[in-house]
1. Does any residue of segment 147-165 turn out to be closer than 30 Å to ARG72 by Cα and either in contact with a helix residue (DSSP H, G or I) (Cβ under 7 Å, 6 or more places away or on another chain) or aromatic (Phe, Trp, Tyr) (or both)?
2. It is to be established whether one or more residues within segment 180-191 are part of a loop (DSSP other than H, G, I, E, B) and either free of Cβ contacts under 8 Å to residues at least 24 places away in the same chain or of a type in the set (A, V, I, L, M) (or both).
3. I need the helices (runs of 4 or more DSSP H) fully contained in segment 96-176, keeping only those with at least 3 residues that are touching a Ser or Thr at 6+ places or on another chain (Cβ under 9 Å).
4. Before we move on, is VAL125 hydrophobic (A, V, I, L, M, F, W, C), touching an Asp or Glu at 6+ places or on another chain (Cβ under 7 Å) and within 14 Å of ASN102 (Cα to Cα)?
5. With respect to the numbered conditions (1) outside the structural domain of SER51 (by TED's automatic domain parsing); (2) over 15 Å from LEU96 (Cα atoms), which one is the sole condition not fulfilled by TRP172?
6. For ILE157, all conditions in the list (1) within 14 Å of GLY89 (Cβ to Cβ); (2) of a type outside the set (Ser, Thr, Tyr); (3) not assigned by TED's automatic domain parsing to the domain that holds TYR67 hold save one; what is the number of the exception?
7. Check ARG175 against each of (1) touching a residue at least 60 places away in the same chain (Cβ under 8 Å); (2) more than 24 Å from MET66 (Cα to Cα) and name the one condition it does not meet.
8. Return the total of residues in segment 139-192 being of a type in the set (Phe, Trp, Tyr) and more than 18 Å from the chain's Cα centre (by Cα).
Amino acid sequence: MARYSGPACRICRRQGMKLFLKGTKCVTDKCPFNRRAFAPGQHGSARIKLSDYGIQLREKQKVKKMYGLLERPFRHVFSTASRSTGVTGEKLLELLERRLDNVIYRLGFASSRPQARQIVRHGHVQVAGRRVNIPSFVVKAGLSLKLTGSETFLKRIKEVRELTKDRPLPPWLTRDPNEPMATVAGTPSRADVQFPIQEQLIVELYSK
């Protein structure tokens, strides 16, 4: 499957905000965004006025990169949201939040979404007692999650949990305080997505 393999910090600089693609590095002085908080390239520091279309496109690109999706899977998620009952933009964010790789990240078992995706792809996640290695798997309320693997892997997960202990846990997820286990207690709401996202711009872009 195709995936972006370039420098992650370049994406944050292009979007003009931290997307936390490098985990704990993003909250240290080593983060390139702290040293060069302008767009990459020769004319990155120049002021560019975006059109309405450019603003909508930039918002879509930001959400795509944050959740680690390419255009085709992202459009598929949007199509599913548009066919669902409710506000399309909110349903879009709900489906993105319920992705298994994002859930592992939100639980603090990974320092970044790319790392969470790798954990899922390597078969370390059990959902309701069955191994699931599909990052796009959409969790439902009532499902239990458990991380499995070697002693070294579980020790590393414990270290990551210590590093991410200050990250707020969403109210729709519950986590075991000692073991790498959790439960999906409900469904995420728009208020649970505290990252600055203007989902209506994405809806307007795809509605053209």
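1. Yes, segment 147-165 has at least one match.
2. Yes: segment 180-191 contains one or more residues that are part of a loop (DSSP other than H, G, I, E, B) and either free of Cβ contacts under 8 Å to residues at least 24 places away in the same chain or of a type in the set (A, V, I, L, M) (or both).
3. 100-106, 151-163
4. So VAL125 does not fit the description; no.
5. Evaluating TRP172 over (1) outside the structural domain of SER51 (by TED's automatic domain parsing); (2) over 15 Å from LEU96 (Cα atoms) leaves (2) as the failure.
6. (1)
7. Of everything listed in (1) touching a residue at least 60 places away in the same chain (Cβ under 8 Å); (2) more than 24 Å from MET66 (Cα to Cα), ARG175 misses just condition (2).
8. Total meeting the criteria: 1.
The values are calculated or read from the model by the stated rules, or taken from the named source; none is laboratory data. All of these numbers come straight from a predicted model, not from anything done at the bench. For neighbour counting, all protein chains shown are included, and Cβ atoms are generated from backbone atoms with ideal geometry for every residue, glycine included.
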